[in-house]
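What follows is a set of notes on a single structure, which appears directly below.
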Amino acid sequence: MNPADLSSALLTVVTSISASRGGTRELTIDDLLLERPRNRDHGDWASNIAMKLAKPLGANPRELADEIAVEAAKLPGVASVDVAGPGFINITLDAAAAGALARTIVEQADAYGRGDLYSGVTINLEFVSANPTGPIHIGGVRWAAVGDSLARIFESQGGLVTREYYFNDHGAQIDRFARSLLASFLGEPAPEDGYGGAYISDIAARVIALYPGTLETISRDEQQEVFRSVGVELMFGDIKASLHEFGVKFDVYFHENELHESGDVEKAITRLGDLGAIYEADGATWFRSTDYDDDKDRVVIKSDGEAGYISGDLAYYLNKRERGFERNIIMLGADHHGYVKRLMAMTKAFGDEPFVNLEVLIGQMVNLVRDGEPMRMSKRAGTVVTLEDLVEAVGVDAGRYALVRSSIDSQVDIDLDLWGRKTNDNPVFYVQYAHARTNSVARNAAVSGVDRGVFDAGLLSHETESILLGVLAEFPRVVRQAAELREPHRIARYTEELAGAYHRWYDACRVTPLSNDEVTDLHRTRLWLNDAVGQVLRNGLGLLGVSAPERM
């Protein structure tokens, strides 16, 4: 019996009791959240449903829990039901009911852990979106790992996800980049507001190689335009290649310039004007964003006729909605906290629901630490630590796992010495080693003549097996919560818990018989459990974009 089956059966019991006591509200599975008790002596699953229903039913929570417990104890596969404290219901499954999960997981394979939370929902997930003026710095790399993991998690819950990169190729920073490349070509110092680092001379040299002997014959303005158009294209090509090597692929690369050239900016302003959210003052055009809970009104067209900063956001959001995306999620760095209000005001002004049709996730800073000291400079970029620095130090798997393992709300220090080790104190090695061990056990089982020809769930009665099955049962709930809360770190922490439970089971229980012993149904059944663990570790690591090696 898996948690979903138990929840469904228990819901039937609770609904009947609620109705008999005059309850009128329709109950759902979400009302009946089952959790693993911290103390294993308290059973396999616990529910506080009696305490939630007591007040609306006018009942004593403890008495209501006792009534539910009596009926729940009659459910198939339930060994016992106890009531604790003010009304907690603790349920213990019999060994066969608990053990059946191993077979379920093996048979469901990749589908185990998938759900329907976002079935059919169109989701636009915009992340990284670093300006094409230099290599991706470590903050953007965090979004690459977290964003790609979130996309995989949403897809596991039925979401129709588009991974989108907003290519900022319109504005002053591109001019500064072009002037920096031109200065390198001319042998001049970098502009005071320009970009430094070895990558500038690298890009400049590549542009020069494409126009041998030509750049010297054209005007400075023409030279700068060449470096602008070609240099940006080369830089963005490098960014794409770096992300691809990091396991991150985008479905759409959206150019900001298109918004201004296509008339989308004017269309968005006109739309807001029709909705009464635009006015003219001091020679400029303003978005009346204070009417929608912003701190101040925002300029959309300046008095000199140039587009204001928010105009691109208005056009881009409307463009996404017109492309049919129901949910639009943007990932921004810690310095964008103050940006959220204006974006939500924009959403509301267009008649949409803030934090539903548009969400903004804010991530905190990342530091790479070596020998106890933060890294401050990149070999290539000169001023920031980059994606390449991380991958060179620890590899793609460790880099992705380290970046996704902590909540985005917390600042992260990544100890390169720790994450580069091939030892169990490195979390990703610990999890990957557990997966490799499940494969090693399966190979040894085949040599010993142990196969999955028999499955007797009732034989999985060892204490470590009960614990391991309990952890396996949690996986679908963890994935759903990770999707619902936008917290992929929950899956990383879960895989570590599962790896630990598996290693302890491995030390206590044999899948292959000792040399002179016969193969029994217990060995065969344990092979199912071993393979179930391997499957869930693969599923979990896959959601994080981390490989599950068969040998280590």
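The values are calculated or read from the model by the stated rules, or taken from the named source; none is laboratory data. Bear in mind that the values here come from a model prediction, so they are computed numbers and not experimental data. Using ideal geometry, Cβ is built from the backbone for each residue, glycine included, and neighbour counts are taken over all protein chains shown. Heavy atoms of the whole protein, side chains included, go into the accessibility calculation; ligands, DNA and RNA do not. Shrake-Rupley method; radii C 1.70, N 1.55, O 1.52, S 1.80 Å.
Right, ILE123: open to solvent by less than 10 Å² (accessible area, probe 1.4 Å) and within 30 Å of ALA532 (Cα to Cα) or not?
It is false that ILE123 is open to solvent by less than 10 Å² (accessible area, probe 1.4 Å) and within 30 Å of ALA532 (Cα to Cα).
Within region 207-235, track down each residue that is within 21 Å of HIS255 (Cβ to Cβ) and among the basic types (Lys, Arg).
Answer for region 207-235, where residues must be within 21 Å of HIS255 (Cβ to Cβ) and among the basic types (Lys, Arg): just ARG228.
Which number in (1) crowded, with 21+ Cβ neighbours inside 10 Å; (2) closer than 30 Å to PHE475 by Cα marks the one condition that TYR195 misses?
(2)
What is the number of the single condition among (1) open to solvent by 70 Å² or more (accessible area, probe 1.4 Å); (2) among the hydrophobic types (A, V, I, L, M, F, W, C); (3) under 20 Å from ILE136 (Cβ atoms) that LEU210 does not meet?
That leaves (3) as the condition not met.
For region 283-301, enumerate the residues that are among the small types (Gly, Ala, Ser) and either open to solvent by less than 40 Å² (accessible area, probe 1.4 Å) or part of a helix (DSSP H, G or I) (or both).
Correct list: ALA284, SER289.
Somewhere in region 346-356, is a residue of a type outside the set (D, E, K, R), crowded, with 18+ Cβ neighbours inside 10 Å and closer than 20 Å to VAL146 by Cα?
Among the residues of region 346-356, not one is of a type outside the set (D, E, K, R), crowded, with 18+ Cβ neighbours inside 10 Å and closer than 20 Å to VAL146 by Cα, which makes the answer no.
For the condition part of a strand (DSSP E or B) and among the acidic types (Asp, Glu), what is the one hit in GLU258, GLU266, GLU280?
From the options GLU258, GLU266, GLU280, the qualifying one is GLU280.
Consider only pairs whose beta carbons are under 7 Å apart and that are at least six residues apart or on different chains; among these, list those whose first residue lies in region 332-344 and is at pLDDT below 90 and whose second residue is assigned to a helix (DSSP H, G or I).
GLY333/GLY139
Please specify each residue of region 528-552 satisfying the condition of being open to solvent by 10 Å² or more (accessible area, probe 1.4 Å) and farther than 30 Å from ALA144 by Cα.
Those that are open to solvent by 10 Å² or more (accessible area, probe 1.4 Å) and farther than 30 Å from ALA144 by Cα: TRP528, ASP531.
Among SER156, SER149, which is the only one that is more than 19 Å from LEU403 (Cα to Cα) and out of contact with any strand residue (DSSP E or B) (no Cβ under 7 Å at 6 or more places or on another chain)?
The conditions single out SER156.
Just to be sure before I move on: is GLY305 surrounded by fewer than 19 Cβ atoms within 10 Å (Cβ to Cβ), in a loop (DSSP other than H, G, I, E, B) and at pLDDT 95 or above in the structure I sent?
The answer is no for GLY305.
How many of the residues in region 22-47 are of a type outside the set (Asp, Glu), open to solvent by 60 Å² or more (accessible area, probe 1.4 Å) and touching a strand residue (DSSP E or B) at 6+ places or on another chain (Cβ under 8 Å)?
2
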